[in-house]
């Protein structure tokens, strides 16, 4: 395949909006080989490994841990802070809500848009090594710690939640054999049986209230370390975006910068500057937002609305920033919103009127928070299914998720909660 067919950086906006990024088209074995190399390089000589979702919340956890362990600081020069739209995220091209992404945001989960899907490993060795992971591949990162980590390493897992214990059981057991201690800090919705099994395996698991804390909050209060007030503020501003409070304008800057830049760069910049990003980063963000806003406008323009059991559900398609699109649909009257991405994943956002997003996502291969979840329905058998997905603007995925909404609303109604007959399809 010719490179120009999968490189999306120079595509017209009308096409970029409906197609996945370059990372989506990379073969799995190529990505896996690269991730193996990066993990081996990062873990060489490291005393701590952090498996984290590479969104602003997960990366803030890494920054806190590096500070607590007095790790070397490697602040990039201003001219190194440039990015490219063609980056890989947790599902291959599009961010997933915390689920995960964000799934984040789990989109489920994963999120982070680095400069290059084939980037070289982080050049400066750190005592606290970062292994980015999504809710869908946390087990792979755990296996790499077991394989490449030194005996007695400390392992932290941050901002990630497995849907089932068996998904991570064998890899976690292997990591526990290698690591001296394993701590898991998160704020997602955990099943009681999954949490119990992780703790019984020997993990120090701390789960924060998903409506009150982000994972950075959990790390901040759990570590026995006297942080500079700058880090408490960083956690608070990160929470503002991660819980979609939107009371501090800096939180959108953090989220966008984490999404557009390399995870290693983000961690070192917020360690140096906290939530108040330097001017050169602000300039970079402003430049990138021109295209971001255009992609948002296209997704909002495609929005349709369905009545389901007394709730108005907005649904749209496109490569875009899901939170802003969901907010636009909320302002148009949606009680919940679905943003289907070209890579096949979807973000689900709720409101005070509808707070069962994680239940909807759970029915279609996902999970997350009551008001923010993500999923990737298991409906793509070959590239013809993806071709249909792109040309129909996600028609099948939309229908599967809307059906999941109906199931959740019907179940709530049967339980005696608010709801009425389903509306039209």
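Bear in mind these aren't lab numbers, they're just calculated from the coordinates by the rules spelled out. Because the structure is predicted, anything quoted here is derived from the model rather than measured. Cβ coordinates were reconstructed from backbone atoms using ideal geometry, including for glycine residues, and neighbour counts include every protein chain displayed.
Here each label is just a point 7 Å from Cα along the line to Cβ, and for residue 147 and residue 73 those points are 3.5 nm apart. Model label points for residue 47 and residue 411, set 7 angstrom from Cα along the Cα-to-Cβ axis, are 4.6 nm apart. The convex hull of the Cα atoms of the chain, projected and averaged over all directions, covers 19.0 nm². Going from the residue with the fewest nearby Cβ atoms within 10 Å to the one with the most, 142, 13, 59, 176 rank 13, 176, 142, 59.
Under Stokes-Einstein, with the Kirkwood radius over Cα pairs as Rh, the value for the stretch 294-414 at 37 °C and 0.692 mPa s is 236 µm²/s. Among 357, 158, sorting on how many other beta-carbon atoms sit within 10 Å of each Cβ, with the fewest leading, yields 158, 357.
For the peptides 206-213, 144-151, 260-267, residues were scored by their other Cβ atoms within 10 Å and the scores averaged per peptide; the highest-first order is 260-267, 144-151, 206-213.
Using the Cβ-Cβ distance between residue 279 and residue 14 with R0 set to 25 Å, the FRET efficiency works out to roughly 0.15.
Could you check the spin-label model distance between residue 174 and residue 391? Points 7 Å from the Cα along Cα→Cβ, value in nm. The modelled label-to-label distance comes out at 4.1 nm. Over the residues of the chain, the helix contribution to mean residue ellipticity at 222 nm works out to -13000 deg cm²/dmol, using -39500 (n - 2.57) for each DSSP H run of at least 4. The base-10 log of I(q)/I(0) for the stretch 138-243, evaluated at q = 0.19 Å⁻¹, reads -0.97 [Debye formula, identical scatterers on Cα atoms, solvent excluded]. For q values of 0.25, 0.28 Å⁻¹, compute log₁₀ I(q)/I(0) with the Debye formula on a Cα-only model of the stretch 199-247, without solvent. Log-scaled intensity ratios, in q order: -0.93, -1.05.
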